[in-house]
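What follows is a set of notes on a single structure, which appears directly below.
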Amino acid sequence: MNQKSPSSRGHLIDLIEQGALPIGNIPAALALTQVHPDRSHWRAFISNLLLWLGSLALAFALMFFIAYNWDNLGRFAKFALVQAFIAIAIAAFWKLHPSTIAKSALLAASIGLGVLLALYGQTYQTGADPWQLFFNWALLMLPWALIARFAAIWILWLALINLVCVLYPVNGLFGSVFYSANGVLWTLFFINTMALIVWEILVPKMRWLDEQWAKRLIAVSSGVLITQLVVMNIFGAQSAVAATISWLIFCAALFFYYRKIKLDLFMLAGGCLSGIIVTLSFITNWLMNLPEPVGGFFLLTLLTIGMSGAAAAWLRKVHKEQLS
């Protein structure tokens, strides 16, 4: 199946905007460059979408079915139902690997594994902390992630690790120092940033990791966390020096890598958005400390429009450089 390339779409848009392409020839140009998806593209998209939604629906239906019929099902019936679901999903993955159906089956099995662990804890009242459920879930599905060579499984695994960090109870002197205030956000930022770095390093060696949505999802999580840390420290009582320095290093590395080494407009746009938010937060905090801050909000509005327009113009310029 021939996929349309972003460069063809971009060149066509430039030709239309410059008036180099007559209006009457635009429909033919659209059909020639396949900017608009044809029936085969739509059929493949809808088929994959229904496949993934169906797999997720089956996994969550299993969980809701057991929860709704908790009193009507015996202990062994519940375990048999969940284990049979996992066994069938694993068998489908083994039989159909490496098709898309196999990957969706493994994703359903991974969710079913979490249902099994939750069922075990609820049935035998192990008294385990919530973080242990997600830690054991991530630990047990790690071999599947290593064998499957599937980006979505690793994203699920990383999400479980994030939940473990959020739910993990830290007590004592070390815990009060490390997890004081926004220490959890720092931990999550470090984990997700390291995951993004490792992901980018492994992409040339493991081409199956080259999924744009996965890398961008990790980058968005890291960017949101460090931006939130800066904003919280700006408006809070704590010093924003450490958060600001970390944010500057993160943004500098992001702009350098995704501008000079591997151009990615999505990443650059995210960096621009983070810069606008942090800059406006600094200015807003300064205005709030003034005796008469009302007039400053007009300046804040102008700065928001100006920075947004400048970022859009710069991104458009970078996009044109990419096409040339």
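Points to keep in mind about this one:
- Tail weight of P(r) past 27 Å, computed on alpha-carbon pairs of the stretch 80-230, percent: 33
- What the Cβ-Cβ distance of Phe282 and Gln212 gives, at R0 = 41 Å and to the nearest 0.05, is a FRET efficiency of 0.80.
- Shape call, the stretch 55-169: gyration tensor on alpha carbons, a/c limit 1.5: oblate
- Inter-site label distance for Leu53 and Thr301 at 7 Å from Cα along Cβ, in nm: 4.1
Taken together, the values in this text are just the output of simple stated rules run on the coordinates, not laboratory data. Given the structure is predicted, the values throughout are model-derived calculations rather than measurements. Cβ: placed from backbone, ideal geometry, glycine included. Neighbour counts: every protein chain shown.
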